[in-house]
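These notes are about the structure you will find just below.
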Amino acid sequence: MEEKKLFEELSGLVTEMRNPNSMDIDVMDTLDAVKVFNEEDKKVAFAVEKELPYVAQAIEIITEAFKKGGRLCYFGAGTSGRLGVLDAVECPPTFGVDPGMVVGRIAGGYKALTIAVEGYEDYEENGAKDVADLEVNENDVVCGIAASRRTPYVVGAIKEARKRGAKTIAVVCNPREDLQYDVDVAICPVPGPEVIMGSTRLKAGTATKMVLNMLTSVSMIKLGKVYENMMIDLQQNNKKLVERSKRIIMMAANVDYDRAAECLKIAKGHVKTAIFIAKTNESVEVAKKYIEANEGFLKKALQAYERDKNGNK
């Protein structure tokens, strides 16, 4: 009986339905087949667009958590879990944050990133255990990612997080009205049935990645990690990133390559500080004073510096 109930539940999910536009894809020539994929992918951005008010609500919650020293913790299984881990691990090099600030957990542990761990996602207690192991508390935000909206591992993680007083977000690719558990914000893009029935690494995965990109990127922007549209707290972990840092300084401060390299060296690799120095010809100490006084926002720091400079004339 339990198996039949699950069968009926899965059968009603949008992500498990057959797509009428790809019924003959098994006999199409290659170009026609990829055209079907492309046409279906075009629907993803529109599905996400409908959810932007909820994405914005989630970002406000995440930003406030970060300001209090809290974390954003992703929980998911399969593709959803992998996307959460991917988004989390990209935050330190991109925004210069501590690796513990955005955390990704996948059902079955990190080995599940490359090899399917059968059955682990089928039990709520496993999600609850992973939340407990992370010592989630009231300062944190837990984001459950489940294309189907029903993954027991994710449901268990969200329930445990709520017990611990954490804010909760759900990212699912089925209608909001079908959500069967409480969260502070539900983000529910519905791009429709997959080209290959049930393969949620396709449109659902793309929609999920778009949402996660916005959650962390805009939260980091609201913490002062971006100047205009450039990353200014990036870590120089390789030669490419060192040169990217110099280019950012050149564009932000309108200086040449040598001056950008000089300022980056003076600032000991901190791009934000280097830009301030390049634009003002001030010392590291002055740069840090203004940046810290303006909570890390470079534009505000430069504006405050100009006001003080003009006021002292």
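The values are calculated or read from the model by the stated rules, or taken from the named source; none is laboratory data. On a predicted model such as this, the values are computed, not experimentally measured, just so you know. Cβ placement follows ideal geometry from the backbone for every residue including glycine, while neighbour counts extend to all protein chains displayed.
For the reader, a short list of remarks on this structure follows.
- Filter pass, Val195 being assigned to a loop (DSSP other than H, G, I, E, B) and either hydrophobic (A, V, I, L, M, F, W, C) or touching a strand residue (DSSP E or B) at 6+ places or on another chain (Cβ under 7 Å) (or both): yes
- Selection status of Thr63, at pLDDT below 95 and either of a type in the set (Ser, Thr, Tyr) or surrounded by fewer than 22 Cβ atoms within 10 Å (Cβ to Cβ) (or both): no
- The set of residues from the range 88-105 being in a loop (DSSP other than H, G, I, E, B) and in contact (Cβ under 8 Å) with a residue 12 or more places away in the chain comprises Gly96, Val97, Gly100, Met101.
- Contact map, the range 217-237: first residue over 15 Å from Ile62 (Cα atoms), second residue aromatic (Phe, Trp, Tyr), Cβ cut-off under 6 Å, separation 6 or more or different chains; pairs are Asp233/Phe95.
- Any hit, the range 6-25, residues being at pLDDT below 95, among the β-branched types (Val, Ile, Thr) and in a helix (DSSP H, G or I): yes
- Pair list, Cβ under 6 Å, 6 or more apart: the range 189-214 residue over 19 Å from Tyr54 (Cα atoms) and assigned by TED's automatic domain parsing to the domain that holds Pro53, other residue small (Gly, Ala, Ser) and assigned to a loop (DSSP other than H, G, I, E, B): Thr200/Ala147
- Any hit, the range 239-253, residues being assigned to a loop (DSSP other than H, G, I, E, B) and either free of Cβ contacts under 8 Å to residues at least 60 places away in the same chain or touching a Gly at 6+ places or on another chain (Cβ under 6 Å) (or both): no
- Of the residues making up the range 256-267, those that are surrounded by fewer than 21 Cβ atoms within 10 Å (Cβ to Cβ) and touching a residue at least 12 places away in the same chain (Cβ under 8 Å) number 3.
- No other residue among Lys265, Lys209 is over 30 Å from Ala186 (Cβ atoms) and basic (Lys, Arg) apart from Lys265.
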